[in-house]
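Everything below concerns the one structure shown next.
The values are calculated or read from the model by the stated rules, or taken from the named source; none is laboratory data. What you see is a predicted model, and the numbers here were worked out from it, not measured in a lab. Positions of Cβ are backbone-derived with ideal geometry, glycine not excepted, and every protein chain shown enters the neighbour counts. Side chains included, ligands, DNA and RNA excluded: accessible areas come from the protein's heavy atoms. Shrake-Rupley method; radii C 1.70, N 1.55, O 1.52, S 1.80 Å.
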Amino acid sequence: MERYFQESIECASREEMIKLQNEKLVRQVRHVWDKVPYYRKKMEEKGVTPDDIRSIDDLHKLPFLSKADLRDAYPYGLLGAPLKDCVRIHSTSGTTGKRVVAFYTQHDIDLWNDCCARAIVAAGGSDEDVCQIAYGYGLFTGGAGLDGGSHKVGCLTVPMSSGNTERQIMFIMDMKATIICCTPSYAAYLGEAMKEMGYGPDDIPLKAGIFGAEAWSEEMRRDIEKTLGIKAYDIYGLTEISGPGVAFECSAQQGMHINEDHFIAEIIDPDTGEVLPEGEQGELVFTSIDKEAFPLMRYRTRDICVLTREQCSCGRTHVRMKKPQGRSDDMLIIRGVNVFPSQIETVLLNNNYAPNYQIVVDRVNHTDTFEVKVEMTPEMFTDNLGEITERQNQLTAGLLSMLGIKAKVTLVAPKSIARSEGKAVRVIDKRKI
Ligand code: DLL
């Protein structure tokens, strides 16, 4: 069996996992109560003490933490370990307000690297592989996380970081990279660039891609798999909980296994905070039961998703999360209707467009305007106005049936929407409300 397929943990029975989670949760609540005055105060306000938390059945008694708490407590208020024991920070790419800063002890880094190693192994990785990491290095968790995982698996690690597409392609070809890790939008762009350079799927040495950090659809997966000739695996995570590897996809490609020996997942109703039963869609909440430096309890991710405990054909027993349906805060409300960028992407890919689009929302005379700019592919590029209008009408109809509201669709020339090397910028919301 490959290294880092941690069978005794990843395929543990439900009873074994509950026992482990109970022990870790009880210990962690005590740790946080003793070490994090900010959270202790929240517990006191809710009338909860560590004695009330005897098992995971009591988890719902604990107060939530949200991004607002992280801002309140910035920078050191949620620290669970002395600074001298912390060895690293990472931070989100937030553009408004204070950034979220997360802290790690060496124990936390090891645990996180382990999660990423599990993800690489689940994507078929071993010490035979050359793993090119094209997530950004630095404060962003993508580069460092997958890098750590790749080392643990024993892959030959190519620490490219993001950007410089020509150099990325040169290294993929020259080093014969077999695994690529980057955002799905960058993978699509790499595919496009390689195709233009004349590389077909059979010329490209890659066999697998580990793509995450942003929402992407099944249609986009198929597209990337076809152009690069790989199997594309989803990976999920967030800085607050550690980074990539909180959950990852296996060969079944039917949702991502959550590393529940380290993180307990719940789904709640985002309006009432009530815990929802398995299978219902709601906001994903995580409790870190193993981390020392940044032990967030019941952290509200704002990601909207569904959990399933149905048996997975890969043999792993960890609960799976379906692809997040976007974030509750990424969700646009346009003329009163909830719109997720992923829904728009699905319509585009179903109509043979590449996922290169931008949503522009504004408010004119108290009414929302909603425009979707979509790049034509080189094959469909034309200056025949009649043809363009027909295509625009087709997309408008597709979007109307998916979303229930009418968008103004504008087809633009190939390559005219700026590419992102990291997370794609899909939405420009000009409304001042
Ligand atoms: O994006 C960590 C990461 C790096 C994950 C590399 C996967 C690969 P943040 O910048 O803190 O961390 O952003 C976290 O990104 O709450 C989700 O909304 C979104 N996200 C992450 N992975 C996925 C995914 C990293 N696979 C936020 N699908 C999360 C959909 C994702 N959304």
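All of (1) open to solvent by 10 Å² or more (accessible area, probe 1.4 Å); (2) within 16 Å of the ligand (Cβ to nearest atom); (3) aromatic (Phe, Trp, Tyr) hold for Tyr199 with one exception: (2).
Does Ile180 satisfy the condition of being in the same structural domain as Phe248 (by TED's automatic domain parsing), in contact with a Leu (Cβ under 6 Å, 6 or more places away or on another chain) and closer than 25 Å to Asn259 by Cβ? Judged against the criteria, Ile180 is a match. Whenever a residue of segment 158-180 is within 12 Å of Cys131 (Cα to Cα), its partners that are open to solvent by 40 Å² or more (accessible area, probe 1.4 Å) and assigned to a strand (DSSP E or B), lying with C-beta atoms within less than 9 angstrom and at least six residues away or across chains, give the pairs Met175/Leu156; Ala177/Leu156.
In segment 250-257, the condition of being within 13 Å of the ligand (Cβ to nearest atom), touching an Asp or Glu at 6+ places or on another chain (Cβ under 6 Å) and over 30 Å from Thr369 (Cα atoms) is met by at least one residue.
Restricting attention to segment 320-344 and to residues that are part of a strand (DSSP E or B) and within 11 Å of the ligand (Cβ to nearest atom), the residue that is least open to solvent (accessible area, probe 1.4 Å) turns out to be Met321.
Looking at Glu266, Glu280, just one residue is closer than 23 Å to Arg54 by Cβ, open to solvent by 10 Å² or more (accessible area, probe 1.4 Å) and modelled with pLDDT of 95 or more, and that residue is Glu266. Scanning segment 98-146 for residues being under 17 Å from the mean Cα position of the chain (by Cα) and β-branched (Val, Ile, Thr) gives a total of 4. Residues in segment 155-168 that are of a type outside the set (D, E, K, R), at negative phi and either in a loop (DSSP other than H, G, I, E, B) or open to solvent by 20 Å² or more (accessible area, probe 1.4 Å) (or both): Cys155, Leu156, Thr157, Pro159, Met160, Ser162, Thr165. Exactly one residue among Arg302, Arg320, Arg298 is basic (Lys, Arg), on the phi < 0 side of the Ramachandran plot and assigned by TED's automatic domain parsing to the domain that holds Val121, and that residue is Arg320. Considering each residue of segment 88-99 in turn, at least one proves to be within 20 Å of Met297 (Cα to Cα) and modelled with pLDDT of 95 or more.
Going by the conditions given, is Glu283 within 23 Å of Gln253 (Cβ to Cβ) and of a type in the set (Asp, Glu)? Answer is no for this residue. When Phe171 is tested against (1) surrounded by fewer than 20 Cβ atoms within 10 Å (Cβ to Cβ); (2) within 12 Å of the ligand (Cβ to nearest atom), just one condition goes unmet, and that condition is (2). Scanning segment 404-433 for residues that are among the hydroxyl-bearing types (Ser, Thr, Tyr) and either open to solvent by 90 Å² or more (accessible area, probe 1.4 Å) or over 21 Å from Thr369 (Cβ atoms) (or both) yields a single hit, Ser420.
In summary, Val347 fulfils each of the numbered conditions (1) within 16 Å of the ligand (Cβ to nearest atom); (2) outside the structural domain of Gly282 (by TED's automatic domain parsing) with the single exception of condition (1).
Can you pull out every residue in segment 205-220 that is modelled with pLDDT of 95 or more and either open to solvent by 10 Å² or more (accessible area, probe 1.4 Å) or in the same structural domain as Asn356 (by TED's automatic domain parsing) (or both)? Across segment 205-220, the qualifying residues are Pro205, Lys207.
Given the condition outside any strand (DSSP E or B) and away from the ligand (no atom under 14 Å from the Cβ), answer yes or no: does some residue in segment 180-188 qualify? Yes, segment 180-188 has at least one match. Residues in segment 140-154 that are more than 14 Å from the ligand (Cβ to nearest atom) and surrounded by fewer than 24 Cβ atoms within 10 Å (Cβ to Cβ): His151, Lys152, Gly154.
Total residues in segment 308-346 satisfying the condition of being within 20 Å of Lys373 (Cβ to Cβ) and at pLDDT 95 or above: the figure is 0. Residue count for segment 272-302, restricted to those that are outside any loop (DSSP other than H, G, I, E, B) and either more than 14 Å from Phe64 (Cβ to Cβ) or among the aliphatic types (A, V, I, L, M) (or both): 3. For segment 347-403, taking the residues that are open to solvent by 70 Å² or more (accessible area, probe 1.4 Å) and aliphatic (A, V, I, L, M), the one that is modelled with the lowest pLDDT is identified as Val364. Scanning segment 415-422 finds no residues that are part of a loop (DSSP other than H, G, I, E, B), of a type in the set (Val, Ile, Thr) and over 20 Å from Gly326 (Cβ atoms).
Listed by first and then second residue, the pairs with beta-carbon distance under 9 Å, at least 6 apart or on different chains, first residue in segment 125-147 and in the same structural domain as Tyr4 (by TED's automatic domain parsing) and charged (D, E, K, R), second within 9 Å of the ligand (Cβ to nearest atom) and part of a loop (DSSP other than H, G, I, E, B), are Asp147/Tyr135.
Candidates are the residues of segment 241-254 that are of a type outside the set (A, V, I, L, M) and open to solvent by 10 Å² or more (accessible area, probe 1.4 Å); the one that is farthest from Val285 (Cα to Cα) is Ser251.
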